[in-house]
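The numbers here are math on the coordinates, done by the rules we state, and not lab data. Only a predicted model underlies this, so the values are computations on that prediction, with no experimental measurement involved. Counting neighbours? That spans all protein chains shown, and the Cβs are built from the backbone with ideal geometry, glycine included.
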Amino acid sequence: MGLFDKIKSAFTNTDKEIKLPEETEQKQLEQVKKEQEKANSYEKGLQKSRRSFTRRLNELFANFRYEDEEFFEELEDLLIESDVGFEATMYISETLRQESKVQNVKSMADAERVIVQTMVDLYGETNPDHHIFNDNPNGLTVILFVGVNGVGKTTTIAKMAHQYIDQGKKVVMAAGDTFRAGAIEQLHVWGDRVGAQVVSTKQGGDPAAVVYDGIVQAREHQADVLLIDTAGRLQNKKNLMNELEKMKRVISREIPDAPHETLLVLDATTGQNALNQAKIFKETTDVTGIVLTKMDGTAKGGIVLAIGKELNIPVKFVGLGETMNDLHPFDTEKFAYGLFKELIQQTA
């Protein structure tokens, strides 16, 4: 069953009464409540993207009575402008063309169904491995954060620290961005807010030395997780990548299987620019996952498809608001439903 059919089935069965054994009822109800709160967060956070895409797609179908070359050109422009990316756009367009040839599309309503189903299923196909490494059985879990300045990297680290602390874990943060003015102080402020120890040096100091000190102090304090901030001066690409490589050598020397995650933080509102950043970082460092920030601030939700189809890097977290609890582990099903809710309902 594809993601579209799975979501559609869940939507059509939401009103059915579920009988639960008495001994498990309360636990099940609490879990259902948590899942519903999470789904609501996705729906609310993706509201701007959902309304924009739904309106534009409905306008497209209202302007055409049948599929011709002009229709496909308009569809492809719409998808590209929604940050879906070239490869995913061509795949969606070609799928619709093929479905039309085999007579599975006989009306514009059929065409809309194929487009929505293809896009939803693509979210499942291009983002299968979105689970984050969460527990190192041998001791300290090390997560390295990379990304250019201004994408919300330091705030993302603080939000993730907050989540781990809520789980009862001890967290240390290392201020490896020694280049940007104010970066060290910013991480200290966040550390005080969330209750995490921050390891740092003076501005302009050696980031690799900060990483080493972070590992030492994390071990001394028996921390569970070490979160490492890094510089983001992509305009000086060679120096930045050399710096990242040195930091990773220090980490792997002290903890051979670390870093356990290297998360690239991208600002979803920057669209194609975010995709270009991802391409550059993928070329120069071993990125294991993406954190998409500011998803609630963009009217374009296709960037997940572009990243998955063109770069094959899983999105592991999405930022859906400004509060400490608005960073969510990526849930493909809830993301797709939050982005296409009305369109999925129209095909039900």
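What the table shows:
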read-out	value
Whole-Å distance, taken between Cα centres, linking the range 143-192 and the range 72-124	40 Å
The chain - Kirkwood radius from inverse mean 1/r over Cα pairs (Å)	21.6 Å
Pair-distance profile P(r), taking every C-alpha pair of the range 82-150, with 5 angstrom steps and integer %	3, 12, 16, 14, 12, 10, 8, 7, 7, 5, 3, 1
Loop-located chymotrypsin sites (Phe, Trp or Tyr not before Pro) in the range 20-102, at most 13 other Cβ atoms within 10 Å (DSSP)	TYR66
ASN312/ASN273 FRET efficiency (R0 25 Å; Cβ-Cβ; nearest 0.05)	0.80
Exposure proxy ranking, count of Cβ atoms within 10 Å, fewest first, for THR155, THR293	THR155, THR293
Stokes-Einstein translational diffusion, the range 141-331 - Kirkwood Rh over all Cα pairs, 0.890 mPa s, 25 °C, in µm²/s	149 µm²/s
Overall Cα dimensions of the range 261-348 - principal axes, largest extent first, Å	44, 30, 21
Inter-label distance for ASP286 and ARG219, nm, one decimal - labels placed 7 Å from Cα along Cα-to-Cβ	2.0 nm
Extension gain from THR323 to ASP135, taking 0.36 nm per residue of separation minus the Cα-Cα distance	65.2 nm
Extended-chain gain in nm, criterion 0.36 nm per residue less alpha-carbon gap, ASN104 and PHE72	9.8 nm
Cut-off of 10 Å, at most 11 other beta carbons, DSSP loop: longest stretch of the chain lacking such trypsin sites (Lys or Arg not before Pro)	203-348
